[in-house]
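Here's the structure we're looking at; comments come further down.
The values are calculated or read from the model by the stated rules, or taken from the named source; none is laboratory data. Since the structure is predicted, the reported quantities are computational estimates derived from the model, not experimental observations. Virtual Cβ from ideal backbone geometry, glycine too; neighbours counted across all protein chains shown.
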Amino acid sequence: MPEKHTILVQLDTDALPSTFDRVVAVDAGAQHIFSYGGVTPENVVTLVHGCIFTRGAKDLHRTAIFVGGSDVAAGEAVVAAIRKQLIPAAKLTVSVMLDSNGANSTAAAAVRAAARHVNLDSVESLVLGGTGPVGQRVARLLAKHGGHVRLGSRQLDRAEAVAAKIRQEVPGAKIEAVSVATSSDGPKALQGRELVIAAGAPGVLLLPKKVRDTAKQLRVVIDLNGVPPAGIEGVGLGDRAKDHDGIVGYGAIGVGDTKMKIHKAALVALFEKSDLLLDIDEIYEIALRLP
Amino acid sequence: MPEKHTILVQLDTDALPSTFDRVVAVDAGAQHIFSYGGVTPENVVTLVHGCIFTRGAKDLHRTAIFVGGSDVAAGEAVVAAIRKQLIPAAKLTVSVMLDSNGANSTAAAAVRAAARHVNLDSVESLVLGGTGPVGQRVARLLAKHGGHVRLGSRQLDRAEAVAAKIRQEVPGAKIEAVSVATSSDGPKALQGRELVIAAGAPGVLLLPKKVRDTAKQLRVVIDLNGVPPAGIEGVGLGDRAKDHDGIVGYGAIGVGDTKMKIHKAALVALFEKSDLLLDIDEIYEIALRLP
Amino acid sequence: MPEKHTILVQLDTDALPSTFDRVVAVDAGAQHIFSYGGVTPENVVTLVHGCIFTRGAKDLHRTAIFVGGSDVAAGEAVVAAIRKQLIPAAKLTVSVMLDSNGANSTAAAAVRAAARHVNLDSVESLVLGGTGPVGQRVARLLAKHGGHVRLGSRQLDRAEAVAAKIRQEVPGAKIEAVSVATSSDGPKALQGRELVIAAGAPGVLLLPKKVRDTAKQLRVVIDLNGVPPAGIEGVGLGDRAKDHDGIVGYGAIGVGDTKMKIHKAALVALFEKSDLLLDIDEIYEIALRLP
């Protein structure tokens, strides 16, 4: 008897489910894709039941759920609601991947890009826009590698909260919250940093060139802002290990290839087991195994 | 020229079309599944036109419609609206299956489970929750087989109406409406019954163990309630021909395998002709032909 | 490495995306069809981004967009919004086809039907319902071929506006707006005409038989009205080159086969390049190449 077809259930918190995520699912080889928009923690319940009560436990690895949409917090709430419906005791589970707004695959790709140029175990880094969904994930991954991380935000109290959470969840994390609200904050935050990753809101300049020039140790800058003007002045959208007077630069499109490879590899991994939750740590593990 | 791909148009009266029905359609081999939510008798009209006016009459058996959703009455209204748009005189028809809330496949599966243990031509049965969509269908199938059926409901007038309808539609049906409103009703309704099938609302206890113990002829109990507590006290969700002190018991999951086989076989049958209406009688016929 | 699967993104301006367009897409061989309803110029933006930012430029011809729905003006607005998002300078484009309400494929099919019986380079024609989406397209195609076209409408000013637009866009077009508001207008508009194509609102009689009888040169009548009563009295829905006392007649279903062939051929053409816009002129070119 041939194996059952693979089914990816795409649950999107936006009204119209993402074509981006669906094209990637096709290219990752999913045989059937069920796309739903307007998914909430409430209406997801029967959608999950339809996943776990249709195929027997031994075939449930051929059904998987992808949660997406532009709002990462909404996606996280849907994932939490999904997991309440799974029944591990009866092996009635399906694997679930979260990549709302591409946050997980983008954060993983940015850190992999940095790894080509610095030693992540010891690099001193600064994450700008560090309280947003991508920034938090980047900081977490850097902290897990072991280097010292500064997490910058215009609101110091929010940066402190995120840093505290990472310290709690990542044993031994060396992470420090810093304010980047005033013009004197920038140079201070940059002091001694070899790596800067900017993950702020689209079109917001986080690091002007004249501030950047004050950072003598700086070796790598990665700007994840996809909408001009750049978050790191002077870095182009398509920069990919581009030399800027001795500093290596990446733009959002420049890390896009790696992001896409991670996204696809995670989708393939989803169908290998029936009980995976692929969030930032798991997706980064998959990124590490890529050739 | 190769045959055209099969297309199942899934029309669901709920806002988000059922993943359950769609997974089953994949596993039954439908090559393309078009899923629509929020379908009503009004907006279904152009959806049906798109089915019948696209492929020539000789290929229309490769397009079929499945009507589902949690509300059986809403599904029935959609089926009625669909059939008004078909044009049999011009052979512009597609086959249609109704299985809102799984009512048809569940009722057929329950009766097939009973047939393993009793002679349906003569068995004396009681259907609890007999006025609901599943209960009505179970009672109708039992009456067609020829045994004497008691149809129980807390509202006697509603039970009478359902019994009258079955009497009218099934020649020679031996069916009697009974009240199960008071504590003394239970033992009376059960008297002489060999088979009890409970199809009440989720989580409502219809048959307490102490009442069941009064039924000396009882041989088979089938509880279609999928949400604890059980509709028939003591029967487990997963019971499948389980012995309970000489009485054979089935729970909702216990009849699930048979239900799934019937559901899939009906989907396969849909694509054999272009003019089928698969409602309870036709789906039961398909169940009878299963190995 | 095998070619990427073809993906047709069906963007429909109605709430429920057309089953008609989706069945035709299956039969034209699209491997994956993503169907969206309720598409507007606003919400289409991210849908387009998901198309152009997922596959590399060399594979973008395997993703294409089809715009449909019952409202042609709404479809045109969506196409305009889509094209604003494409980035030809970076080769980040996908091909787009517009066929809202079947207007383009129907107009092309009607003109191809006429070509079997008259010389389009010189035929004198009358288009009834000439200001509607199908009528405008039919008149444009006839004018491009070179014959003299009368564009009839009950509102002369609207007919004048459409004629002026066609004169501007089609060099050398011989086109004249005529009123068909009063009972004496009909015979005047018909005078000398060999071909009449009616593309009015469903169920509206545009050409009564007794008026038609006054047209001594008339050789071909094509009625695109799909809902009885006929737009051209006496022409049947299924007429296909049917003789009516020396006049050849076609009804809406009679041109349906050709329409379907054009629709499918256009869908196939969509996947040959990544920068096509298939509107009336391009779809008619495809129709001309059909065997």
Return the only residue of C:VAL204, C:VAL227 being aliphatic (A, V, I, L, M), loosely packed, with under 15 Cβ neighbours inside 10 Å and either at pLDDT below 90 or part of a loop (DSSP other than H, G, I, E, B) (or both). C:VAL227
If I filter the range C:22-32 for residues that are among the charged types (D, E, K, R) and in contact with a strand residue (DSSP E or B) (Cβ under 7 Å, 6 or more places away or on another chain), do I get at least one hit? yes
Going by the structure shown, is A:ALA181 surrounded by fewer than 22 Cβ atoms within 10 Å (Cβ to Cβ), in contact (Cβ under 8 Å) with a residue 12 or more places away in the chain and either more than 30 Å from B:THR19 (Cα to Cα) or in contact with a Cys (Cβ under 6 Å, 6 or more places away or on another chain) (or both)? yes
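Somewhere in the range B:67-85, is a residue assigned to a strand (DSSP E or B) and either surrounded by fewer than 19 Cβ atoms within 10 Å (Cβ to Cβ) or of a type outside the set (D, E, K, R) (or both)? It would help to see each step written out before you state the result.
Let us first name the residues in the range B:67-85 that are assigned to a strand (DSSP E or B), namely B:67-68.
Adding the requirement that they be either surrounded by fewer than 19 Cβ atoms within 10 Å (Cβ to Cβ) or of a type outside the set (D, E, K, R) (or both) leaves B:67-68.
Yes, the conditions are met somewhere in the range B:67-85.
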Would a scan of the range A:158-174 turn up a residue that is touching a His at 6+ places or on another chain (Cβ under 9 Å) and surrounded by fewer than 17 Cβ atoms within 10 Å (Cβ to Cβ)? yes
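In the range B:36-83, which residues are of a type in the set (A, V, I, L, M), within 11 Å of chain C (Cβ to nearest Cβ) and touching a Lys or Arg at 6+ places or on another chain (Cβ under 8 Å)?
B:LEU60
So, in the range C:252-272, exactly how many residues are modelled with pLDDT of 95 or more and more than 17 Å from C:VAL67 (Cα to Cα)?
If we filter the range C:252-272 for residues that are modelled with pLDDT of 95 or more, which is where we start, we get C:255, C:258-272.
So of that shortlist, the ones also more than 17 Å from C:VAL67 (Cα to Cα) come out as C:255, C:258, C:261, C:272.
So the count comes out to 4.
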Report, by residue number, each residue of the range B:112-143 that is closer than 19 Å to B:ASP257 by Cα and touching a strand residue (DSSP E or B) at 6+ places or on another chain (Cβ under 8 Å). B:ALA113, B:ALA114, B:ARG116, B:HIS117, B:VAL138
Determine if the range A:95-115 includes at least one residue that is in contact with a Lys or Arg (Cβ under 9 Å, 6 or more places away or on another chain) and either acidic (Asp, Glu) or part of a loop (DSSP other than H, G, I, E, B) (or both). no
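When you look at C:ASP21, is it among the charged types (D, E, K, R), over 21 Å from B:GLN31 (Cα atoms) and in contact with a Gly (Cβ under 8 Å, 6 or more places away or on another chain), yes or no? Before you say what the answer is, go through the steps one by one.
Working: among the charged types (D, E, K, R): yes; over 21 Å from B:GLN31 (Cα atoms): no; in contact with a Gly (Cβ under 8 Å, 6 or more places away or on another chain): yes.
Considered against the rule, which asks whether it is among the charged types (D, E, K, R), over 21 Å from B:GLN31 (Cα atoms) and in contact with a Gly (Cβ under 8 Å, 6 or more places away or on another chain), C:ASP21 comes out as no.
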Residue hits (the range B:94-136; touching a helix residue (DSSP H, G or I) at 6+ places or on another chain (Cβ under 8 Å) and among the β-branched types (Val, Ile, Thr)) are B:VAL94, B:VAL96, B:THR106, B:VAL111, B:VAL123, B:VAL127, B:THR131, B:VAL134
What is the residue count in the range A:1-15 for residues that are surrounded by fewer than 20 Cβ atoms within 10 Å (Cβ to Cβ) and in contact with a strand residue (DSSP E or B) (Cβ under 7 Å, 6 or more places away or on another chain)? 1
C:LEU11 vs. criteria at negative phi, of a type outside the set (Phe, Trp, Tyr) and part of a strand (DSSP E or B): yes
Within the range A:46-66, how many residues turn out to be without any contact (Cβ under 8 Å) to a residue 40 or more places away in the chain and either polar (S, T, N, Q) or part of a loop (DSSP other than H, G, I, E, B) (or both)? 4
Of a type outside the set (Phe, Trp, Tyr) and within 19 Å of the chain's Cα centre (by Cα): does that describe C:ALA89? no
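Suppose we keep only residues that are charged (D, E, K, R) and crowded, with 23+ Cβ neighbours inside 10 Å within the range C:16-35. Which one would you say is nearest to the other protein chains (Cβ to nearest Cβ)? Full working, then the answer.
First pass over the range C:16-35, keeping only residues charged (D, E, K, R): C:21-22, C:27.
Restricting the remaining residues to those that are crowded, with 23+ Cβ neighbours inside 10 Å gives C:21-22.
Details: C:ASP21: 7, C:ARG22: 6 Å.
Looking at residues that are charged (D, E, K, R) and crowded, with 23+ Cβ neighbours inside 10 Å, I get C:ARG22.
Among the residues that make up the range C:267-286, is at least one of them in a strand (DSSP E or B) and surrounded by 13 or more Cβ atoms within 10 Å (Cβ to Cβ)?
Checked against the condition, which is being in a strand (DSSP E or B) and surrounded by 13 or more Cβ atoms within 10 Å (Cβ to Cβ), the range C:267-286 yields at least one hit.
Just one of B:ALA107, B:ALA90, B:ALA74, B:ALA113 is on the phi < 0 side of the Ramachandran plot and modelled with pLDDT under 95; which is it? Break it down into steps so the answer makes sense when it comes.
Working: B:ALA107 fails: modelled with pLDDT under 95; B:ALA74 fails: modelled with pLDDT under 95; B:ALA113 fails: modelled with pLDDT under 95.
Going through B:ALA107, B:ALA90, B:ALA74, B:ALA113 in turn, just one is on the phi < 0 side of the Ramachandran plot and modelled with pLDDT under 95: B:ALA90.
Of all residues in the range A:168-201, count the ones that are on the phi < 0 side of the Ramachandran plot, assigned to a loop (DSSP other than H, G, I, E, B) and not basic (Lys, Arg). Lay out the reasoning, then the answer.
Residues of the range A:168-201 that are on the phi < 0 side of the Ramachandran plot, as a first pass: A:168-171, A:173-191, A:193-201.
The next check asks that each one be assigned to a loop (DSSP other than H, G, I, E, B); those that pass are A:170-171, A:173-174, A:180-184, A:191, A:193-194, A:199-201.
Checking which are not basic (Lys, Arg) leaves us with A:170-171, A:173, A:180-184, A:191, A:194, A:199-201.
Result for the range A:168-201: 13.
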Which one of these is closer than 24 Å to A:GLU272 by Cβ and in contact with a Cys (Cβ under 6 Å, 6 or more places away or on another chain): A:THR19, A:THR54, A:THR63? A:THR63
Residues in the range C:140-151: is at least one touching a residue at least 24 places away in the same chain (Cβ under 8 Å), part of a helix (DSSP H, G or I) and assigned by TED's automatic domain parsing to the domain that holds C:GLU42? no
Test: A:ALA25 is hydrophobic (A, V, I, L, M, F, W, C), closer than 25 Å to C:PHE34 by Cβ and part of a loop (DSSP other than H, G, I, E, B): no
From the list B:LEU276, B:LEU237, which one is modelled with pLDDT of 95 or more and hydrophobic (A, V, I, L, M, F, W, C)? B:LEU276
Hits in the range A:111-144 - residues which are among the small types (Gly, Ala, Ser), farther than 18 Å from A:LYS174 by Cβ and more than 13 Å from the chain's Cα centre (by Cα): A:ALA113, A:GLY129
